[in-house]
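Before I ask anything, here is the structure I am working with.
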């Protein structure tokens, strides 16, 4: 049995087995006079009336409150104490509780933290209109994946030489197109002009003229000339280079054609070599070519072969003797041409990748 502390409001009572001790009112315990007991109130037990009387609170320790309660004064250990949380009152007057970001109350425009930040959290101004979500900086509005689309830089002298080079190639290509077309029109009229347009050398020369002319005219556009020398992606330029290269290879090795005239030399030797040199040295977007693009470059060739086949059937003769639908090896030759076209495109693709790494420019995700 615990001893009763001195000054306690409850008097110790001897316990008798089998009996419940009677509890005397507090007022009677103090005075010892039963007549001094608190008068009974209607509807209440006189023995419990005194127990409902309010008991003034006392601090548990010097400057501390009972754990789990916040009141004026220093907070209990492990709790963020401070001034009472009233209207617009600060949530904490000192350091925040461990693991929590305290500070002024989170109200309109008030900062979420006035002192130390919670570990692992970036706190900053309240997330209002246009306010950043973190104190580190504004929240990114990008797509999450960015890459540099600009071409590798070029020296102004390199730009000037490139423009001059391509202007010369464009002039030669235009000459290779206009001269045979003019002769064909003068000799055969419109029919002769249309017939000349079916020759693959004329078609290739026209593609080279278009590519080089547009490359020269791009420099006249407003802005930095280094970025206007050519487009960011060499899709069309790579296809034209492949067609020019194959034109020279087929004419000189498969057809064993003659280059005795200036027109034939320029169309079957000079222009193919010039386009390959341009791809090797002059251009800067060679590395921006997907590995599958050489397959797409075959699509115009397939269209040309279809028209060529139909024309040979209708006219009764083939434009090129090595590619005659009347021969048994016609489809075999078609397959060889397509494979050779694709192989040439892949070689140019590989060269473009090597040159791109030499220039140090970024390549696209192809």
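Is it true that some residue in segment 328-337 is in a loop (DSSP other than H, G, I, E, B), closer than 19 Å to residue 233 by Cα and out of contact with any strand residue (DSSP E or B) (no Cβ under 9 Å at 6 or more places or on another chain)?
no
Could you say which residue among 290, 352 is in a loop (DSSP other than H, G, I, E, B) and within 26 Å of the chain's Cα centre (by Cα)?
Of 290, 352, the one residue that is in a loop (DSSP other than H, G, I, E, B) and within 26 Å of the chain's Cα centre (by Cα) is 290.
Only residues that are without any contact (Cβ under 8 Å) to a residue 60 or more places away in the chain, under 45 Å from the mean Cα position of the chain (by Cα) and over 18 Å from residue 203 (Cα atoms): list them for segment 258-282, please.
The answer is 277, 281.
Scanning for something modelled with pLDDT under 90 and surrounded by 15 or more Cβ atoms within 10 Å (Cβ to Cβ), does segment 266-283 turn up at least one residue?
Yes: segment 266-283 contains one or more residues that are modelled with pLDDT under 90 and surrounded by 15 or more Cβ atoms within 10 Å (Cβ to Cβ).
Give me the helices (runs of 4 or more DSSP H) completely within segment 152-252, filtered to those with at least 1 residues that are at pLDDT 95 or above, ordered by residue number.
156-196, 200-217, 235-249
Let me ask something else. With the requirement that a residue be free of Cβ contacts under 8 Å to residues at least 24 places away in the same chain and surrounded by 14 or more Cβ atoms within 10 Å (Cβ to Cβ), what does segment 284-302 give you?
none
While we're here: Can you name the residue in segment 303-327 that is in a helix (DSSP H, G or I) and without any contact (Cβ under 8 Å) to a residue 24 or more places away in the chain and is also nearest to the chain's Cα centre (by Cα) among such residues?
Taking the candidates together, the pick is 303.
The values are calculated or read from the model by the stated rules, or taken from the named source; none is laboratory data. Predicted model, so just to flag it, every value in this text is computed and none were measured. Every residue, glycine among them, receives a Cβ derived from its backbone with ideal geometry; neighbour counts consider all protein chains shown.
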